[in-house]
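> Here's a structure for you.
The values are calculated or read from the model by the stated rules, or taken from the named source; none is laboratory data. Bear in mind that the values here come from a model prediction, so they are computed numbers and not experimental data. Here Cβ is always computed from backbone atoms with ideal geometry, including for glycine, and neighbour counts include all displayed protein chains.
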Amino acid sequence: MSAAPSPWRVRGSLADRLEVVLPLVAYAVVVLSRATTSSLGYPTLRENGDWPTASIWGKPQFIRMDEYATYTPVELGYLAGARSASPLGEASDLFDRLPRSPSTSLLLLDSDLLRLGAWLPHDLLFAAHLALPVLLTLWCLPPLLRRLGADRPFSWLATALCLLAPSAAWWSFLPIRDVAAAACGGWLLLLGRDRWSEGARYRAVGAGVLGGVVLANLATGYPIWGLTIGLPVTAAVVLTMVVEREGRRAGVLVLGIGAVAGAMVLGAGMLSDLDAFRAQVGTVYPGSRRSSGGGLGVFQLFGAPGLVAAVPGPPTALNQSEISSAYTVTAVLAFALAPFAWRRMTGSERAAGGTLLVATGLLLAWAAVDWGPSGTLLPVLNLVPPARAAQTVGFVSTLAVGLVASKARGVSTPWRLFSALACAAITVWGVADLGNVLPRVGVTAVLTAGLVVGLIAFRLSSGRADPVSTAAAISGAALVVVFVNPVQFGLGDLRESAAAGMAQGLARTRATTGGLVVSDTPSLDALLTANGVPLLSGFQTAGPSRAAWAQLDPDGRYVNEWNRGVSRLQFSFRGAGDTVVSSPLPDSIRILTDPCRLVSSGLDVRQAVTSQTLTSACATLSGRFTWDGRVTYVYDLHPG
């Protein structure tokens, strides 16, 4: 069996070398320029509450609060050496994807970059960490697709459409992390099989171990997308390695090595996070919920080409993240061309292409059809909310069309016209339906989207990704998402302002004398977290620490309100009285309390940071600064 060029060594043809070198050069430019697509420059995270100019191109998106007010501050706090979550919640490396123990360091290899925060500039490391999944996707997905049956042009077209998918852009590129893990892990397993067949056993074992560990990452962070994106790709790779007799023994051995290594490292990480997993499963939200398939709107599946209208402002109903999807219209073309490609495919190529097509059809059915109560009984699928399937099935269908279209030959002109008209029609339907939540979508946008998609589909249905159709597809996809995320240079006011200096001073004080700080505003939580201040407020990523919550709610009166994961903790200070806990949103916990009760709670709260003046006998003003355009006060807390 011929060995494929390794993405880890610059060898092979000129095209193979360029596939390695050019993404690496682009990655180096991004990192050295400290550029990210983070919305951390949003006005609420600025000293004067204004729009940034010099350090950012474009406008941050309000709807990406999960990113700029949660994920980003947590990562910056980790760089500063701080614990990312409130002690009211159980500590969790895997939910945060931030390694603190040896077992989770072995598992979360990409996040180990952030361990260098004690030696390297934080803005460079932050940019390197955010851009790494894109680099791995560019390195690994095209060669993986070619090993599964795609030709070079279609492998790169599919890769580009995944990276430019609206659901990738509107979710701060979190789905690309799963695309990268699946592509990198699968490619390493295939590489290990080849090395074993060549007799290079040590290299084969190393590739198998690393591939299994990388694939185990699909179970961390947001594992639902690991199921919808990672599982189909992994299944396609596994079947490719075992379906044909040639190389089957080597494939089975490498798969076994990868499975054992991945299971051991993931198991060790889960054991170190066992308290967090137990707490999360027992929560009111998200708990151990089970979903059934739901009849979602057509716009949630096929409205992606019209999402350019989502950029100017928020929609009237669902937010942009929830209505975004990948290019699911590729499923129509993939199913239309499959009969013409099937007879030209080898057994392993049919296994890979068939797996992706079956996964596409299943996820489409799960999102589009109401399965009723019986749907909650289906294993694996019942873990996936229909909306999450709708947002990510387009990644799988895009990979499927890359494999199928590469092999489609002899497609008659009438069938090509029918396929193109089907793609155009479903695009028109989806974009027109999108107008129900985005009034800015007009007739012109609907017809233009349908026409462009139809023309591209007609050209691609010939089985050749010619330069014109490839450029048109990539350009059209880029126009849909180019204005979604800003390009942020550096860390903005979160780290480069007088307010950030004040927060860093609080962090040093608390590191010396111990104790916690509490704030009453999400924007202040973000500032303090990003600078390493240990907070009682902030984030309860995993489930609650019942022992800690007993200090605030000893009778368990509000257990249903605080027994939640992936939630924001927001304190509100008021006069003397009982502490009251509420949950205005499923992922939000609000605590109304008096500073004196915090001091006497046993939680070791030493300071409060607030934009309100406190008159409590337990609070003494010790400093002030400006944040979000408002005067912010720092109070020392002590027994009244």
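> For the stretch 443-463, give me the residue count where each residue is closer than 14 Å to residue 305 by Cβ, more than 31 Å from the chain's Cα centre (by Cα) and free of Cβ contacts under 8 Å to residues at least 24 places away in the same chain.
Qualifying residue count for the region: 2.
> Could you please give the count of residues in the stretch 554-575 that are surrounded by fewer than 23 Cβ atoms within 10 Å (Cβ to Cβ), closer than 18 Å to residue 282 by Cα, in contact with a strand residue (DSSP E or B) (Cβ under 8 Å, 6 or more places away or on another chain) and polar (S, T, N, Q)?
So the count comes out to 1.
> So, one more: Could we say that residue 595 is of a type outside the set (Ser, Thr, Tyr) and farther than 30 Å from residue 495 by Cα here?
So residue 595 fails the test.
> Something else: Looking at 46, 64, which is the one that is within 16 Å of residue 496 (Cβ to Cβ), crowded, with 17+ Cβ neighbours inside 10 Å and not aromatic (Phe, Trp, Tyr)?
46
> What tally of residues in the stretch 503-553 results from selecting those that are aromatic (Phe, Trp, Tyr) and in contact with a strand residue (DSSP E or B) (Cβ under 8 Å, 6 or more places away or on another chain)?
Of the residues in the stretch 503-553, 1 are aromatic (Phe, Trp, Tyr) and in contact with a strand residue (DSSP E or B) (Cβ under 8 Å, 6 or more places away or on another chain).
> May I pose another question? Here are some conditions: (1) in contact (Cβ under 8 Å) with a residue 12 or more places away in the chain; (2) within 28 Å of residue 346 (Cβ to Cβ). Residue 467 meets all but one. Which one does it not meet?
All conditions pass for residue 467, except number (1).
> Here is a follow-up. Scan 578, 604, 587 and give me the residue that is loosely packed, with under 14 Cβ neighbours inside 10 Å and more than 15 Å from residue 519 (Cβ to Cβ).
578
> Right, something else. From the list 150, 181, 216, which one is modelled with pLDDT of 95 or more, among the aliphatic types (A, V, I, L, M) and outside any helix (DSSP H, G or I)? Reasoning before the result, please.
Details: 181 fails: outside any helix (DSSP H, G or I); 216 fails: outside any helix (DSSP H, G or I).
After applying the criteria, what remains is 150.
> Let me ask something else. Output the residue which, of all residues in the stretch 502-526 that are under 14 Å from residue 604 (Cβ atoms) and under 31 Å from the mean Cα position of the chain (by Cα), is surrounded by the most Cβ atoms within 10 Å (Cβ to Cβ).
518
> Considering each of 288, 321 in turn, give the residue that is among the hydroxyl-bearing types (Ser, Thr, Tyr), under 23 Å from residue 176 (Cα atoms) and modelled with pLDDT under 95.
After ruling out the rest, the residue left standing is 321.
> Residues to consider are 103, 155; find the one that is surrounded by 19 or more Cβ atoms within 10 Å (Cβ to Cβ), of a type outside the set (A, V, I, L, M, F, W, C) and closer than 30 Å to residue 356 by Cβ.
Exactly one residue qualifies, and that residue is 155.
> Same structure, new question: Is it the case that the stretch 455-478 has a residue that's in contact with a Cys (Cβ under 7 Å, 6 or more places away or on another chain), of a type in the set (A, V, I, L, M, F, W, C), assigned to a helix (DSSP H, G or I) and modelled with pLDDT of 95 or more?
yes
> Of 111, 105, which residue is free of Cβ contacts under 8 Å to residues at least 12 places away in the same chain and either in a helix (DSSP H, G or I) or basic (Lys, Arg) (or both)?
From the options 111, 105, the qualifying one is 105.
> Turning to a different aspect of this structure: Out of everything in the stretch 392-431 that is part of a helix (DSSP H, G or I) and without any contact (Cβ under 8 Å) to a residue 24 or more places away in the chain, what residue ends up being nearest to the chain's Cα centre (by Cα)?
That would be 428.
The rows are residues; the columns are (1) touching a residue at least 60 places away in the same chain (Cβ under 8 Å); (2) in a helix (DSSP H, G or I); (3) more than 19 Å from residue 158 (Cβ to Cβ); (4) in contact with a Ser or Thr (Cβ under 9 Å, 6 or more places away or on another chain).
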site	(1), (2), (3), (4)
296	yes, no, yes, no
308	yes, yes, yes, no
327	yes, no, no, yes
337	yes, yes, no, yes
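> Next up: Which of the residues that make up the stretch 72-102 are assigned to a helix (DSSP H, G or I) and either touching a residue at least 40 places away in the same chain (Cβ under 8 Å) or under 28 Å from residue 493 (Cβ atoms) (or both)?
Across the stretch 72-102, the qualifying residues are 72, 73, 74, 75, 76, 77, 78, 79, 93, 94, 95, 96.
> Scan the stretch 153-178 residue by residue and report those that are in a loop (DSSP other than H, G, I, E, B) and among the hydroxyl-bearing types (Ser, Thr, Tyr). Talk me through it step by step, then tell me what you get.
The first filter runs over the stretch 153-178 and keeps only residues in a loop (DSSP other than H, G, I, E, B), leaving 164-165, 171-173.
Result: 172, single match.
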